[in-house]
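The values are calculated or read from the model by the stated rules, or taken from the named source; none is laboratory data. Since this is a predicted model, take the numbers as computed values, not measurements. Cβ: placed from backbone, ideal geometry, glycine included. Neighbour counts: every protein chain shown. Heads up: the accessible areas ignore ligands, DNA and RNA and are worked out on the full protein's heavy atoms, side chains in. Shrake-Rupley method; radii C 1.70, N 1.55, O 1.52, S 1.80 Å.
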Amino acid sequence: MSASDTTAGQLQSASAPSTRVFAPFEWLVALRYLRARRKEGFISVIAGFSFIGIMLGVATLIIVMAVMNGFRQELFDKMLGLNGHVVVHSVGQFTDYDEVAKRVRDVHDVKYALPLVEGQVLASTPLGSTGALVRGLREDDLKSLSAISSKVHFGTLDGFDKNPGIAIGSRMANTLNVKVGDSVSILTPRGAATPLGTAPRIKRYPVSAIFEIGMSEYDASIMFMPLNEARIYFNQPDSVTVLEVVLESPDEVAELAPKILEAGGPSVYVTDWRQRNATFFSALQVERNVMFLILTLIVLVAALNIISGLKMLVKDKARDIAILRTMGATRGSVMRIFLIAGATIGVTGTLAGLVLGVLVCLNIDHIRWFMSWLTDTELFPAELYYLSELPAKMDVGETVSVVIMALTLSVLASVYPAWRASRLDPVEALRYE
């Protein structure tokens, strides 16, 4: 075989794979360019920083969004686990609450309708005092609230109606320095009417149960009392304050609230959890959206690093590109080579960030305790964030959207340098080389 035939065969073999999209030789060359030699170390460093940037950006997005989702869900569950989803108010004295409660319970998807007496008091002992919100409930109704009945750590709710006592949160018990069986003095300005005005009322009650629902504000300020005792104490012997309605699903409140209002009759009006907590949950949603936009910038900056790294790689490999072109590689093949190189950094960085983010979310509270021990500081104070532990709840759809966003930015960042490489003139490159 002649030399000319051999050369022709080599060119044919080089150009043949280029007819396929992402041919094996394109992958081979692209991955070889990512493993830079000693003199190309700076390019490798840039590629490494791009990889680390995308990995940390994706992991941070997943972790922060999971923590904010968990924070919102925990607050949501605890708030709605203690308070009714719909609250029925009476225009005047709420004396016919039993009839109204019976009609409301007959509404489809209504779980409970709980008569409630509520009032602010000052709770005190010789060792401390604190403000408290008294909620008067029947024993059966209180036990139906699993957020309370399942979180009783000391004492019991059995016989709650027959032996008048109070159930208080663990933080209130610590503030007052009491345990089950100790007495607490309760003072309210809504006492008996006298010729000189309304006299404050003070009475002592034994502590029958201590609960901890995990939300510091409620554990420090909520106090439960038997309904009949609360009506007497707050001078409401024949009425209650409101009727709290618990639904099968709080998301159905928009559909069920009008039906509950109709069942309650013309003398009542209703409010729901969305109205009572609208500002709070709206603020959480706004914060969540802003954090997502801000943290997306981390991934964007890492993607820009891919652009700079690939542009330097293209400039350094100008001679190699020219040789590939003269051997028969098309513009599309050259473009795909550098597109594969940039996309590889983005894909591996995104997958590594996904793994890192999932691992951190699964062990978020252990990491918090370790960092608190390491820095000797409380990183998640319950008094400030309301919760006693750091929650993390990953949303599959949200996580997938983060991964898709990172992959899209990585691929788009690789397009321009790859296109510039494909437009390189081999004659000019070899001439100046």
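Annotations for the structure displayed:
- Restricting attention to the range 200-220, the residues that are open to solvent by less than 10 Å² (accessible area, probe 1.4 Å), under 16 Å from S185 (Cα atoms) and not hydrophobic (A, V, I, L, M, F, W, C) add up to 1.
- Every condition in (1) more than 38 Å from the chain's Cα centre (by Cα); (2) crowded, with 17+ Cβ neighbours inside 10 Å; (3) modelled with pLDDT under 65 is met by L430 except one, and the failing one is (2).
- Only one entry in L256, L284 is in a helix (DSSP H, G or I) and at pLDDT 85 or above, namely L256.
- Within the set S208, S149, S144, S216, the sole residue that is at pLDDT 90 or above, in contact with a strand residue (DSSP E or B) (Cβ under 9 Å, 6 or more places away or on another chain) and of a type in the set (S, T, N, Q) turns out to be S208.
- Of the listed requirements (1) more than 30 Å from S410 (Cα to Cα); (2) touching a helix residue (DSSP H, G or I) at 6+ places or on another chain (Cβ under 6 Å), N305 misses just one: (1).
- Across the range 255-276, the number of residues qualifying as touching a strand residue (DSSP E or B) at 6+ places or on another chain (Cβ under 8 Å) and surrounded by fewer than 18 Cβ atoms within 10 Å (Cβ to Cβ) comes to 5.
- Top-ranked residue of the range 91-106 - restricted to ones that are open to solvent by 20 Å² or more (accessible area, probe 1.4 Å) and either polar (S, T, N, Q) or touching a helix residue (DSSP H, G or I) at 6+ places or on another chain (Cβ under 6 Å) (or both), ranked as farthest from E139 (Cα to Cα): Q93
- For the range 346-357, a residue qualifies if it is more than 16 Å from the chain's Cα centre (by Cα) and open to solvent by less than 20 Å² (accessible area, probe 1.4 Å), and the qualifying residues are G346, G349, T350, G353.
- Residues located in the range 221-253, provided they are surrounded by fewer than 18 Cβ atoms within 10 Å (Cβ to Cβ) and either of a type in the set (G, A, S) or in a strand (DSSP E or B) (or both): S239, S249
- When every residue of the range 358-370 is checked against the conditions, none turns out to be assigned to a helix (DSSP H, G or I), charged (D, E, K, R) and open to solvent by 60 Å² or more (accessible area, probe 1.4 Å).
- So V58, is it touching a Leu at 6+ places or on another chain (Cβ under 8 Å), surrounded by fewer than 19 Cβ atoms within 10 Å (Cβ to Cβ), modelled with pLDDT of 80 or more and of a type in the set (V, I, T): no
- Yes/no for S185 being over 29 Å from D77 (Cβ atoms), hydroxyl-bearing (S, T, Y) and not in a loop (DSSP other than H, G, I, E, B): yes
- Flag if F160 is open to solvent by less than 10 Å² (accessible area, probe 1.4 Å) and part of a loop (DSSP other than H, G, I, E, B): yes
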